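Participant: Please find one structure pasted underneath; my questions will follow.
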């Protein structure tokens with residue numbers, strides 16, 4: 001798998017403050033490691049992001065993702081209610097496979113996935129979104145989970161029905177060097 005190099009002299013082109021808050025928090029709590037552990041994540045630091053947040057553990061043996069948390073807006077945007085289930089139990093097979101492939105790229109890279117633009121939601125609706133998915137690691141080296149945030153811009157989707165733009169691609173980028181922080 002080829003990853004795009006991390007834009008070390010700039011930053012990810014994040015548009016929404018809630019996604020940016022997750023990015024900054026992830027960078028801060030990972031410290032000098034490649035990625036933080038799930039226990040490093042402080043929900044109090046992510047207040048406005050929480051409804052848009054999801055956390056999955058990756059079980060390497062069976063190769064399955066277990067959803068620990070899916071915020072209210074994630075549930076509304078995906079059309080799936082609840083969490084504390086495996087990804088392949090929550091979605092129809094084709095959709096679960098597509099999501100698992102994205103998440104495996106984050107785990108196996110390890111990599112960051114970032115997308116902004118028109119995309120198809122898990123519920124099959126085409127709408128503007130902004131998404132950031134980041135790896136987590138119990139040992140700071142091998143990814144064994146992920147944290148992400150997706151903003152479904154349903155209100156903008158209604159305005160695009162007359163002249164829909166093309167779907168936006170997802171970008172998979174390598175992790176920034178341990179300790180890297182965005183330029184100010």
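Participant: Full-extension gain between residue 171 and residue 141, please, as 0.36 nm times their residue separation minus the C-alpha to C-alpha distance.
Facilitator: Numbers: separation 30, 0.36 × 30 = 10.80 nm, distance 2.17 nm.
Result: 8.6 nm gained on full extension.
Participant: For percent of Cα pairs over 31 Å apart, pick the label among [x] 11; [y] 58; [z] 49 that corresponds to the value derived from the coordinates.
Facilitator: Here the calculated entry is [x].
Participant: Further, regarding this structure: How big is the convex hull of the Cα atoms of region 47-111, per residue, in Å³?
Facilitator: Measuring per residue, one finds 90 Å³ for the Cα hull of region 47-111.
Participant: What length, rounded to one decimal in nm, is gained on full extension from residue 97 through to residue 181, with 0.36 nm per residue of separation minus their alpha-carbon distance?
Facilitator: Extra length from residue 97 to residue 181 when fully extended: 26.9 nm.
Participant: Here's a follow-up. What relative contact order, as a whole-number percentage, does the chain give when Cα pairs under 8 Å and 6 or more residues apart are counted?
Facilitator: In percent, rounded to a whole number, it is 29.
Participant: Same structure, new question: Could you please state, rounded to a whole Å, how far the C-alpha centre of region 69-134 is from the C-alpha centre of region 6-64?
Facilitator: Here the two parts' Cα centres lie 15 Å apart.
Participant: Given the -39500 (n - 2.57) contribution per DSSP H run of 4+ residues, what per-residue ellipticity at 222 nm results for the chain, rounded to the nearest 500 deg cm²/dmol?
Facilitator: -7500 deg cm²/dmol
Read the figures in this text as sums done on the coordinates, not as results from a lab. A quick note: this is a predicted structure, and the numbers were derived from the prediction, not measured.
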